[in-house]
Amino acid sequence: MKLAFQIILGVCLLAFVLFYFSIDQNAETASEMPWQISLHDQDHLEVFGIVLNQTTLQQAREKFGQLEGIALYQSEQGLYNLEAYFGKLAIGRFNARLIANLEATQDEMEALTVHTVKRVKTEEGSLRWTLNADKQQEQGLRKIQTLSYIPDYSDLGADFIRQHFGEPDSFSVVNDTTQLWVYPQRGVRILIDTQGKELFEYMAPSRFKRLEENN
């Protein structure tokens, strides 16, 4: 009886070990993970199957499904940004939210302000408009310039980021709980928050260069 119990216990332990390592290996080999970035050239990189400055919003819709909405932002300095929200998605190992920044001129975005359903002021001081349904449908041919990825899991942490992305080229302290790690050659910068969720922002290396020149 004792021998039978030991055999059963041994089989259970072996099954657990095999399961644990299979999960760990699957995490490393799964597709569409946030660290799986392919640099095509200085103007184009691919992540989650999206090629920045090439993939259109409509192509992203076909891949990820219907949008939650498209919003227009104006900063306190008067500059506009056009963003599309995909809501919560199952991507690779994590559930996450995706936000796509769309290619549009300042004049085009200013003209969109009259095709909105509401305007609010954000906590940061910028203005936010929600595009009406007809105008949202018309944005499908716009290319995605940058992509923000916010995993639901809120405890990735610096060690996890370092393991999968390496040491950052530079970092800065945002506040008591948050640091910004920057990887310009990989085309990503990451907000690491010890008391909240991480945020990954992907952009082509050439865009990083322009940001550095403007700072």
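For this structure, a couple of remarks:
- Between N132 and Q77, the distance separating the two model label sites (each 7 Å from Cα on the Cα→Cβ line) works out to 3.2 nm.
- Förster radius 41 Å - calculated FRET efficiency between V114 and Q54, Cβ distance, rounded to 0.05: 0.85
- Residue-span extension gain [S38 to Q163] - 0.36 nm each, minus C-alpha spacing: 43.2 nm
- Other residues whose C-beta falls under 11 angstrom from the C-beta of Y202 contribute a net charge of +1, scoring Lys and Arg +1 and Asp and Glu -1.
- A simple spin-label model places pseudo-atoms 7 Å from Cα toward Cβ; at S170 and E212 they are separated by 0.7 nm.
- Over all other residues within a Cβ to Cβ distance under 13 Å of N101, the charged ones net out to 0, with Lys and Arg as +1 and Asp and Glu as -1.
- Label-point separation, T177 to T194 (7 Å along Cα→Cβ), nm: 1.1
- Here is the list for the stretch 127-215: GluC sites (Glu not before Pro) lying in DSSP coil, each with at most 16 other C-beta atoms within 10 angstrom of its C-beta, are E138.
Bear in mind these aren't lab numbers, they're just calculated from the coordinates by the rules spelled out. This one's a predicted model, so the numbers in the text were calculated from it and none came from an experiment. Backbone-built Cβ (ideal geometry, glycine too); neighbour counts: all protein chains shown.
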